[in-house]
Amino acid sequence: MPHNARLAGELVPRIVFWGLVALIISIVYQNFLSNILFVVFGIGRRIQTIDEFPWTCTRLYHPLLEGCEDMWLDHQGRKLYGACTTLTSRQGWNPSGNKYNISARSRTDHLAVLDIDHPGSDGLYGLRALELGGFHGDLDLQGFDVQRIGDTLRFWLINHRPPIDHLTGAFLDPTTVGANSTIEVFDLVEGSEALEYVKTIHSNAIISPNSLAVDKDGTGVVITNDHNAKVGAFRDLEILYRSGTLAYCQLDSGECHMAATKGLAFPNGITSDQNGLFYVAHSLTGAVTVHRLQDGQLIQIDSIPLGYPIDNISLDADGNLIAAALPDLIGFVKASEDPYNAVAPATVLSIEGIVGQVRSRGRDYNISKVVEDSDAKVLPGISTALHDVESQRLFLGGVFSPFIGICERIAR
């Protein structure tokens, strides 16, 4: 065999092999490593100080305002509601974070209420906790949503109940079977301080619920499952690949089904608009996706990258999307381990006019940084952020924070 032919015969397989290796590395990097390095861990990210933004922010401390993972602003009734609990409870019993210590539950989870336009002499805005009527059991709260029906507010609450043997009443091992997560529905009549029990929704489609959003008709709710399984040896490794589902549950029948199972990456916060569209935050890719509910399925119609791990999201009265972001994930984890002494940096982002942009099928999204606190000087390590257009204030809560933050815009 001629020398050149023999050399070519040896080189071609090597070239093919290393070409395949390079292709595989490229695919892994583009689909997994780049998100983990630059979005999740924020390599090269510049976090700004709070002094660079036009806000005056204060911390509001009270036992009723600890661990407020999610909050909802009643623009019409001028009240702020928060799903809160003790930090020791959050640290021990937090199924989304693989924490399954049943004995750590405080059994005092509650919905805190503030009258946002009346700070009072103590500066606590008339803070109190809503009572429960007709409900027998405990609440272990995480995400929630509310819809106004006339003079009544209907609350949809994620309740991470511990698993129980229905024959003996004894607790089961949650590390083996997971939490018995349900959706609790309550009504709050105007002028009342007590939630009246309506219904409990239980389904196998409610796997690892993180947040939820009510549809425009109030007949059902979309739930983000941030994991594909309640428990399992590989559950912690889901950060390495895209996982999670969206479930849809109907109020009247109590039936639930999977409405989206592909293209999700730790779906976390979710909100909905008056046009029937749902906005979903993906913590692993730092994107917000837009979905339309059609024939019981959620069809993705757009995706907007924000470049940060996103927790809860909300819409303000002007149709702007407000996102609570985690600019320093390692700092957030450290703060969750020592919440009374450590605070994580925080970021609030906005997609300006997203509701109008989506409705008009525009794609010229303006993403801005509303406020950021690199030194954790004032803001909590946030999991939720709300913007009140009327008073130009921000309300910020954190799942592992002993306080909430209130920011007022500085007139310029």
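Considering every residue within region 265-273, establish whether at least one is surrounded by 16 or more Cβ atoms within 10 Å (Cβ to Cβ) and either of a type in the set (D, E, K, R) or in contact with a Pro (Cβ under 8 Å, 6 or more places away or on another chain) (or both). Before the answer, list the steps.
Filtering region 265-273 for residues surrounded by 16 or more Cβ atoms within 10 Å (Cβ to Cβ) gives 265-273.
Cutting the leftovers down to either of a type in the set (D, E, K, R) or in contact with a Pro (Cβ under 8 Å, 6 or more places away or on another chain) (or both) gives us 273.
Checked against the condition, which is being surrounded by 16 or more Cβ atoms within 10 Å (Cβ to Cβ) and either of a type in the set (D, E, K, R) or in contact with a Pro (Cβ under 8 Å, 6 or more places away or on another chain) (or both), region 265-273 yields at least one hit.
Inspect all residues belonging to region 276-285 and state whether any of them is more than 19 Å from Tyr365 (Cβ to Cβ), surrounded by 15 or more Cβ atoms within 10 Å (Cβ to Cβ) and touching a Phe, Trp or Tyr at 6+ places or on another chain (Cβ under 9 Å).
Pass one, region 276-285, residues more than 19 Å from Tyr365 (Cβ to Cβ): 276, 283-284.
From the residues that got through so far, the ones that are surrounded by 15 or more Cβ atoms within 10 Å (Cβ to Cβ) too are 283-284.
Okay, now just the ones that are also touching a Phe, Trp or Tyr at 6+ places or on another chain (Cβ under 9 Å), so 283-284.
Yes, some residue in region 276-285 is more than 19 Å from Tyr365 (Cβ to Cβ), surrounded by 15 or more Cβ atoms within 10 Å (Cβ to Cβ) and touching a Phe, Trp or Tyr at 6+ places or on another chain (Cβ under 9 Å).
Look at Ala112 and say whether it is touching a helix residue (DSSP H, G or I) at 6+ places or on another chain (Cβ under 8 Å) and closer than 30 Å to Gln274 by Cβ. Give the derivation first.
Details: touching a helix residue (DSSP H, G or I) at 6+ places or on another chain (Cβ under 8 Å): yes; closer than 30 Å to Gln274 by Cβ: yes.
It is true that Ala112 is touching a helix residue (DSSP H, G or I) at 6+ places or on another chain (Cβ under 8 Å) and closer than 30 Å to Gln274 by Cβ.
Kindly indicate which of Glu390, Glu372 is surrounded by fewer than 20 Cβ atoms within 10 Å (Cβ to Cβ) and acidic (Asp, Glu).
Glu390
State which residue is nearest to the chain's Cα centre (by Cα) when the search covers only region 215-263 and only residues that are within 21 Å of Lys99 (Cα to Cα) and assigned to a strand (DSSP E or B).
So the residue we want is Thr224.
Exactly one of these conditions fails for Ser243: (1) out of contact with any helix residue (DSSP H, G or I) (no Cβ under 7 Å at 6 or more places or on another chain); (2) in contact (Cβ under 8 Å) with a residue 40 or more places away in the chain. Give me its number.
(2)
Sort through Asn101, Asn159 and tell me the only one that's in the same structural domain as Ser192 (by TED's automatic domain parsing), of a type outside the set (D, E, K, R) and crowded, with 19+ Cβ neighbours inside 10 Å.
Working: Asn101 fails: crowded, with 19+ Cβ neighbours inside 10 Å.
Among Asn101, Asn159, only Asn159 is in the same structural domain as Ser192 (by TED's automatic domain parsing), of a type outside the set (D, E, K, R) and crowded, with 19+ Cβ neighbours inside 10 Å.
Please pick out the residue among Ser336, Ser360 that is within 19 Å of the chain's Cα centre (by Cα) and polar (S, T, N, Q).
On the way: Ser360 fails: within 19 Å of the chain's Cα centre (by Cα).
Answer to the selection: Ser336.
Restricting attention to strands (runs of 3 or more DSSP E) lying wholly within region 264-323, give those where 1 or more residues are at pLDDT 95 or above, under 22 Å from Cys68 (Cα atoms) and of a type outside the set (A, V, I, L, M).
On the way: elements: 267-272, 277-282, 287-294, 297-305, 310-315.
Counting at least 1 such residues, we get 267-272, 277-282, 310-315.
Being assigned to a strand (DSSP E or B) and more than 14 Å from Gly269 (Cα to Cα), is that true of even one residue in region 326-345?
Going through region 326-345, the residues assigned to a strand (DSSP E or B) turn out to be none.
Looking through region 326-345, none of the residues is assigned to a strand (DSSP E or B) and more than 14 Å from Gly269 (Cα to Cα).
Hey, any hits in region 132-142 for a residue that's in contact with a Phe, Trp or Tyr (Cβ under 8 Å, 6 or more places away or on another chain), in a strand (DSSP E or B) and among the charged types (D, E, K, R)?
The first filter runs over region 132-142 and keeps only residues in contact with a Phe, Trp or Tyr (Cβ under 8 Å, 6 or more places away or on another chain), leaving 132-135, 140.
From what is left, the residues that are in a strand (DSSP E or B) are 132-133.
Adding the requirement that they be among the charged types (D, E, K, R) leaves none.
Within region 132-142, none of the residues are in contact with a Phe, Trp or Tyr (Cβ under 8 Å, 6 or more places away or on another chain), in a strand (DSSP E or B) and among the charged types (D, E, K, R).
Are any residues in region 111-127 surrounded by fewer than 16 Cβ atoms within 10 Å (Cβ to Cβ) and in contact with a Gly (Cβ under 8 Å, 6 or more places away or on another chain), and if so, which ones?
Once the filter is applied, which keeps residues that are surrounded by fewer than 16 Cβ atoms within 10 Å (Cβ to Cβ) and in contact with a Gly (Cβ under 8 Å, 6 or more places away or on another chain), region 111-127 yields His118, Gly120, Gly126.
Which of the residues belonging to region 351-376 are of a type outside the set (S, T, N, Q) and in a strand (DSSP E or B)? Talk me through it step by step, then tell me what you get.
Taking region 351-376 and keeping what is of a type outside the set (S, T, N, Q), we get 351-356, 358-359, 361-365, 367, 369-373, 375-376.
Within region 351-376, Ile351, Glu352, Ile367, Lys369, Val370, Val371, Glu372, Asp373 qualify.
Any residue in region 111-130 that is at pLDDT 95 or above sitting within a Cβ distance under 8 Å of a residue that is surrounded by fewer than 17 Cβ atoms within 10 Å (Cβ to Cβ) and assigned to a strand (DSSP E or B)? List the pairs, counting only those 6 or more apart or interchain.
As it stands, the answer is Leu111/Ala129; Ala112/Arg128; Ala112/Ala129; Val113/Arg128; Val113/Ala129; Tyr125/Asp115; Gly126/Asp115; Leu130/Ala194, since those pairs meet every condition given.
The values are calculated or read from the model by the stated rules, or taken from the named source; none is laboratory data. Note that this is a predicted model, so its numbers are computed, not measured. Because the Cβ atoms are built from the backbone with ideal geometry, glycine has one as well, and the counts that use them run over all protein chains shown.
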